[in-house]
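Enquirer: Dropping a structure here in C-alpha cells format, bear with me for questions.
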Amino acid sequence: MVKSITDSAILNNGIKMPWLGFGTFKIDDGSEVEEAVRAALKTGYRSIDTAAAYNNERGVGTAIRDSGIPREDIFLTTKVWNSDQRNERSLAAFEESLDRLGVEYVDLYLVHWPVKGFYQDTWGAMEEIYHSGRAKAIGVSNFMIPHLETILGDYQIVPAVNQVEFHPYLYQKDLLDYCREHEIQLEAWSPLMKGRIIDDPALLSIAEKHHKTPAQVSLRWVLQHQVIAIPKSVHPDRIAENAGVFDFSLSEEEMATLDDLGADGRVGPDPFNFDF
C-alpha cells in the first residue's frame, strides 16, 4: 500500500521510482514551468516528467537546479520524440535533451510513441544509451501489448516502464496484467482525464464519503492498482491537492465501482492510429 509521497516502486532493474510524480505536458517553457516544478518540489514531489516534445526541458532543468535539492534525490524522466526515432538520430536527440536539461544523466528515458517501422530500431538505441549509464532506466510510452511483444521478442532489455493513458474511464486491465506479468511498471499519464472526472456521480459519492475531491479519489484508484501517477497542474493549490492522497484508501467495493466506469474513455490519441 502506498502511504507517502516518498514511497517508491522498484523497477525491474532495481531502480526506485516514486509512485507519485509531477507531469509537465502543455506547461510553457520559462517561468510557467519553472514555477510549477518549484511548487511541486516544495510540496514534496521528487519525480518530474518532461519530454523533448513538450519544449520545456530547459525550464524543468532550471527549476531542478534552483531548488537546492541534490540531483540524486530527484527522479527525472524525458522522452525521445517521434521524428527522432532513428538509431543515430535517437542518440543525438538524447544528447540534446541532456543539454537542454543541464544534467549529466536522466533517471528514465522513454520512447514517446510506437512509430510504426521505427520504434524497434529506436529501442536498439535506447539499449545503447542505457549501457552508457546516462539513463538509469529505459522504457516506453503509449505502447500496447503488440508493441511490447515486438520489443520483448527481439531485444535484450525489457522496458522498465510503460507510460500510458490510464484513469477510471480507461481501465486498461489487459495491458496492466501483461505489464505485471513481464515486470514492466505501468505509469499513468492523464490520471485525471484532463479534469473531466470531477463531475462523475460515482467519484463524487466516494469523494464525499472520504472528505476528498474526485481528483484525489481518481489518483488513489490509480495508485491502488500499483500504477505510478503523474498529474499535472500549474496551480500550487492544485499541485498540493493532488499530493493529498496518502491519508485514505479505497475499499475493494469502491475500487470495483471505479473499475466499472469504463474501458474506452480515451481522451488522448489512439496508440494504434496516430499521425504525428
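Enquirer: Which pairs turn up if I take residues in region 238-257 that are on the phi < 0 side of the Ramachandran plot and part of a helix (DSSP H, G or I) and look for partners that are modelled with pLDDT of 95 or more and open to solvent by 50 Å² or more (accessible area, probe 1.4 Å) with beta carbon separation below 6 Å, at least 6 apart in sequence or on another chain?
Expert: Ile239/Thr43; Ala240/Thr43
Enquirer: OK, next. Yes or no: Glu181 free of Cβ contacts under 8 Å to residues at least 40 places away in the same chain, among the charged types (D, E, K, R) and either open to solvent by 20 Å² or more (accessible area, probe 1.4 Å) or within 17 Å of Leu258 (Cβ to Cβ) (or both)? Spell out how you get there, then give the answer.
Expert: On the way: free of Cβ contacts under 8 Å to residues at least 40 places away in the same chain: yes; among the charged types (D, E, K, R): yes; either open to solvent by 20 Å² or more (accessible area, probe 1.4 Å) or within 17 Å of Leu258 (Cβ to Cβ) (or both): yes.
So Glu181 fits the description; yes.
Enquirer: Go through region 208-219 and give me each residue that's farther than 15 Å from Glu252 by Cα and open to solvent by less than 80 Å² (accessible area, probe 1.4 Å). Give the steps one after another, and end with the answer.
Expert: Applying the first criterion (farther than 15 Å from Glu252 by Cα) to region 208-219 yields 208, 211-216, 219.
Lys212, Thr213, Pro214, Ala215, Gln216, Leu219 - these are the residues of region 208-219 that are farther than 15 Å from Glu252 by Cα and open to solvent by less than 80 Å² (accessible area, probe 1.4 Å).
Enquirer: Is it true that Ile64 is surrounded by fewer than 18 Cβ atoms within 10 Å (Cβ to Cβ) and out of contact with any Ser or Thr (no Cβ under 9 Å at 6 or more places or on another chain)?
Expert: Working: surrounded by fewer than 18 Cβ atoms within 10 Å (Cβ to Cβ): no; out of contact with any Ser or Thr (no Cβ under 9 Å at 6 or more places or on another chain): yes.
Considered against the rule, which asks whether it is surrounded by fewer than 18 Cβ atoms within 10 Å (Cβ to Cβ) and out of contact with any Ser or Thr (no Cβ under 9 Å at 6 or more places or on another chain), Ile64 comes out as no.
Enquirer: Name, by its number, the condition in (1) touching a strand residue (DSSP E or B) at 6+ places or on another chain (Cβ under 6 Å); (2) part of a helix (DSSP H, G or I); (3) not β-branched (Val, Ile, Thr) that does not hold for Tyr45.
Expert: (2)
Enquirer: In region 133-171, what count of residues is obtained for those that are open to solvent by 50 Å² or more (accessible area, probe 1.4 Å) and within 22 Å of Asn273 (Cβ to Cβ)? Working first, answer last.
Expert: Of all residues in region 133-171, those open to solvent by 50 Å² or more (accessible area, probe 1.4 Å) come to 134, 136, 146, 149, 153-156, 158, 169.
Filter again for within 22 Å of Asn273 (Cβ to Cβ), leaving 146, 149, 169.
Matching residues across region 133-171 total 3.
Enquirer: Being modelled with pLDDT of 95 or more, assigned to a loop (DSSP other than H, G, I, E, B) and more than 16 Å from the chain's Cα centre (by Cα) is the filter here, so list the residues in region 147-167 that pass it.
Expert: Ile157, Val158, listed by residue number.
Enquirer: Got a sec? Which of Glu88, Glu128, Glu96 is within 16 Å of Asn55 (Cα to Cα), surrounded by fewer than 20 Cβ atoms within 10 Å (Cβ to Cβ) and more than 20 Å from the chain's Cα centre (by Cα)? Walk me through it before giving the result.
Expert: Values: Glu88 fails: within 16 Å of Asn55 (Cα to Cα); Glu128 fails: within 16 Å of Asn55 (Cα to Cα).
Being within 16 Å of Asn55 (Cα to Cα), surrounded by fewer than 20 Cβ atoms within 10 Å (Cβ to Cβ) and more than 20 Å from the chain's Cα centre (by Cα) holds for just one of Glu88, Glu128, Glu96, which is Glu96.
The values are calculated or read from the model by the stated rules, or taken from the named source; none is laboratory data. Being a predicted model, the structure only gives us computed values, none of them experimental. Because the Cβ atoms are built from the backbone with ideal geometry, glycine has one as well, and the counts that use them run over all protein chains shown. The protein model used for the area step is the full one, side chains on, heavy atoms only, and it has no ligands, DNA or RNA in it. Shrake-Rupley method; radii C 1.70, N 1.55, O 1.52, S 1.80 Å.
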